[in-house]
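Just below is one structure, and these are the notes that go with it.
Only the coordinates and a few stated rules stand behind these numbers; no lab work does. What you are looking at is a predicted structure, and each value in this text was computed from that prediction instead of being measured. As a convention, Cβ positions derive from the backbone with ideal geometry for all residues, glycine included, and neighbour counts pool all protein chains shown.
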């Protein structure tokens, strides 16, 4: 039989030992608490110099992803994108199920999550948040694009949210990972569930404070200040003169002057392309389009214009969007002038372009057009360049002026459908998105099927077939993928840019 040993403490020493025991417990509790619920440095502050800040931080009012690039750190959605791709991971929902007909999506909420004001996250709260978004979609074309397929949303129990769609639509899941789909509680300063809460908000500046009640690992940096600085020169000077600084949207011309270790770069979900009118000469003939595609050297183009900072686009889908979907890559050999169809040399070809720089072409449309002209001249094809301001270019393309045009596409949600269907589906011609006027009934069937099949190897195969069809017909020629560039002072680490233009602050650190 075991003996029970009891420590006898004299009464005159009891109070001293009780205080000592409480102190020891407090120390251990504080150490344990600090691992998840306290910043590792309560005084650490990072300044982010950004060219723009949103005029309105309400998620559904954001016009695009980059407008509220910091907001995913404040407002979270049911799901979120993985750090370096457009694949989806759990966030406020830990799991989800889709009905066999693809029209009912049920999400199981993460238990115990609290908003920045202390209120518990529940299914009725989520359903009410989406009712607000659906009401806003009635007057917002962009929100209709994201949520127009939703017929209803309800909360069958406190931890389950159910969406019923008007039709099967697999890209809906990625739409739920966008900043516009984030859940928040209305207020003077709206309350989210993210690792940071809004401490102060004024014109041209935002102050964020680490949220000690965060459900996941606490950020290491206690405070993040965002300051609107449109001038890239001022952002660079701040980077060079300060400490604890992150400068966003670094100009290509400045990259060579920065220490390589301070540069943060990721391939974006956007592509620059050369569009060919497929319903008028000389590019009504697929053979002429394929011949032109073989004459464009994307690697040389990126080297000459971007110093290799932008990756050459050898296929339509940017790598973060394509994922494991195989894409056909054109051969590296280029035709000689003797192999060029005579129709391409019959008369000078008019190339439409834009004046400005674009996210997928920081060199500007005129320099890009000049490079295309130079490459085609080697093959004996004469090109006349006609440049417009961006909005006037879009109108000229709608009128089908010229013979071909420089354009680009930035993905909304990182789904292959968002590229292929928007740019090449036949029904998009009347809407102005399919600017090449390309029609292919086989492709239309594949794209319709791809919208309905859940993410799976089968869906990847469908898009692989669609991409092979497009590569064979060459209605457009991909040129370069976009990149997102930022730079940090040496003591800052853990800053992560996402392909869709947002950024992660949860893993930010300062100090060696």
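Distance from the Cα centroid of segment 230-282 to that of segment 95-167 is 35 Å (rounded to whole angstrom). Taking N as the number of residues in segment 196-297, what is its Cα Rg relative to 2.2 N^0.38 Å? Taking the Cα Rg and dividing by 2.2 N^0.38 Å, one obtains 1.78. What does the C-alpha gyration tensor say about the overall shape of segment 390-512? Classify as rounded when a/c is under 1.5, otherwise prolate if a/b is larger than b/c, or oblate. Here segment 390-512 falls in the oblate category. Using the Stokes-Einstein relation with a Kirkwood hydrodynamic radius computed over Cα pairs, the translational diffusion coefficient of segment 269-481 at 10 °C and a viscosity of 1.306 mPa s comes to 92 µm²/s.
Rounded to 0.05, the FRET efficiency of the residue 151 and residue 87 pair, given R0 = 30 Å and the Cβ-Cβ distance, is 0.65. Of all beta bridges that DSSP places with both ends in segment 281-430, some 10 percent have antiparallel geometry. Note on 295, 352, 368: ascending count of other Cβ atoms within 10 Å places them as 295, 352, 368, the fewest first. Bridges between two residues of the chain, per DSSP, are antiparallel at a rate of about 75%.
On the principal axes of its alpha carbon atoms, segment 76-187 extends 36, 32, 29 Å, with the longest extent given first. Considering the chain, its Cα convex hull presents a mean projected area of 32.6 nm². Relative to the dominant Cα principal axis of the chain, helix 123-137 is inclined by about 30°. Taking Cα atoms only, the orientation of helix 365-378 departs from the longest principal axis of the chain by about 40 degrees.
Ranked by the mean number of other Cβ atoms within 10 Å of their residues, highest first, the peptides 81-87, 357-363 come out as 357-363, 81-87. The peptide list 217-225, 268-276, put in order of mean Cβ contacts within 10 Å with the highest first, becomes 268-276, 217-225. Working ranking of peptides 94-103, 302-311, 191-200 by packing, defined as the average number of other Cβ atoms within 10 Å per residue, highest first, is 191-200, 302-311, 94-103.
Angle of helix 11-37 to the longest C-alpha principal axis of the chain, folded into 0 to 90 degrees and rounded to 10: 10°. If R0 is 22 Å, the Cβ-Cβ spacing of residue 189 and residue 144 corresponds to a FRET efficiency of close to 0.20. Here the relative contact order of the chain, from alpha carbon pairs under 8 Å that lie six or more residues apart, stands at 21 percent. Counting only DSSP H runs of at least 4 residues, each contributing -39500 (n - 2.57), and dividing by the residue count of the chain, the helix-based mean residue ellipticity at 222 nm comes to -9000 deg cm²/dmol. Listed from fewest to most Cβ neighbours within 10 Å, the set 75, 427, 163 follows the order 427, 163, 75.
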